[in-house]
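Student: Below you'll find the structure I mean.
The values are calculated or read from the model by the stated rules, or taken from the named source; none is laboratory data. All values reported here derive from a predicted model rather than from experimental measurement. Virtual Cβ from ideal backbone geometry, glycine too; neighbours counted across all protein chains shown.
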Amino acid sequence: MAKTAPEPSAASPALENGLADHQPGSGKASYDTASGNAGETHQNATSGNDASAFLTDNFGHRIADNQNSLKAGARGPTLLEDFILREKIFHFDHERIPERIVHARGSGAHGVFEVTKAIPELTKAGLFQKKGNSCPVFVRFSTVAGGAGSVDTPRDVRGFAVKLYTDEGNWDLVGNNIPVFFIQDAMKFPDLVHSVKM
């Protein structure tokens, strides 16, 4: 004799507890909890047509659960194909952004760059074709070896970076206050910085 599925009963206590006080459009998330094959708790966001109550990934795709890794079977190993786990760990790893290795300490200034003399014979850049042309500019002055909390008094190379926001795109100019760079071969740069880092 074939078994028949039981008649749907009233909502489970967990579902009732989760949805009982939820009104569509209220912005309050509701959750239905269930147990997986290994006894782990699954928390699923559900609330009918209220889009604000759905769990989503960073791209806005709805996901059912962000508390349990995808595994190969009830007691199997975690699978790398679990994009929700990878996204969550990636976000966790980037919550604290370390300071820059060089040029960590700096001061910036916003302003307007204005052309006082046109130089069409030297460049095709639209900004320099006519006297009076202007564009927003950002300048950053920095020290090279000092950390973010260092002082400005030690002898150190100074950085000078300029970003011009022109109609043709952003133009970045970077420079130091020394006439000749302190190394010729870039292979030596990490070692030199490690030796002088304050």
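Student: Out of (1) closer than 20 Å to THR116 by Cα; (2) outside any loop (DSSP other than H, G, I, E, B), what's the single condition that is false for HIS194?
Tutor: With respect to (1) closer than 20 Å to THR116 by Cα; (2) outside any loop (DSSP other than H, G, I, E, B), HIS194 is out only on (1).
Student: Can you tell me which of GLU87, GLU81, GLU7 is in a loop (DSSP other than H, G, I, E, B), at pLDDT 55 or above and either in the same structural domain as ALA148 (by TED's automatic domain parsing) or of a type in the set (D, E, K, R) (or both)?
Tutor: GLU81
Student: To continue, here is another question. For PHE182, only one of the following conditions fails: (1) surrounded by 12 or more Cβ atoms within 10 Å (Cβ to Cβ); (2) assigned to a loop (DSSP other than H, G, I, E, B); (3) without any contact (Cβ under 8 Å) to a residue 12 or more places away in the chain. What is its number?
Tutor: Only one criterion in (1) surrounded by 12 or more Cβ atoms within 10 Å (Cβ to Cβ); (2) assigned to a loop (DSSP other than H, G, I, E, B); (3) without any contact (Cβ under 8 Å) to a residue 12 or more places away in the chain is unmet by PHE182, namely (3).
Student: Here's another thing I want to ask about it. Tell me, which residue of the range 127-151 that is in a loop (DSSP other than H, G, I, E, B) and modelled with pLDDT under 95 is nearest to GLY169 (Cα to Cα)?
Tutor: Here the residue is VAL144.
Student: On to the next question. Hey, could you check the range 128-178 for residues that are in contact with a helix residue (DSSP H, G or I) (Cβ under 7 Å, 6 or more places away or on another chain) and not aliphatic (A, V, I, L, M) and say which is surrounded by the fewest Cβ atoms within 10 Å (Cβ to Cβ)?
Tutor: Applying the filter and picking the extreme gives ASP167.
Every residue, every condition in (1) among the acidic types (Asp, Glu); (2) within 27 Å of the chain's Cα centre (by Cα); (3) under 19 Å from ARG100 (Cα atoms), yes or no:
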| position | (1), (2), (3) |
| --- | --- |
| LEU122 | no, no, no |
| VAL139 | no, yes, yes |
| VAL151 | no, no, yes |
| LEU164 | no, yes, no |
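Student: What tally of residues in the range 90-109 results from selecting those that are acidic (Asp, Glu) and either over 22 Å from the mean Cα position of the chain (by Cα) or in a helix (DSSP H, G or I) (or both)?
Tutor: Total meeting the criteria: 1.
Student: Go over the candidates ASP156, ASP167 one by one and state the one that is of a type in the set (Asp, Glu), modelled with pLDDT of 90 or more and not assigned by TED's automatic domain parsing to the domain that holds PHE59.
Tutor: ASP167
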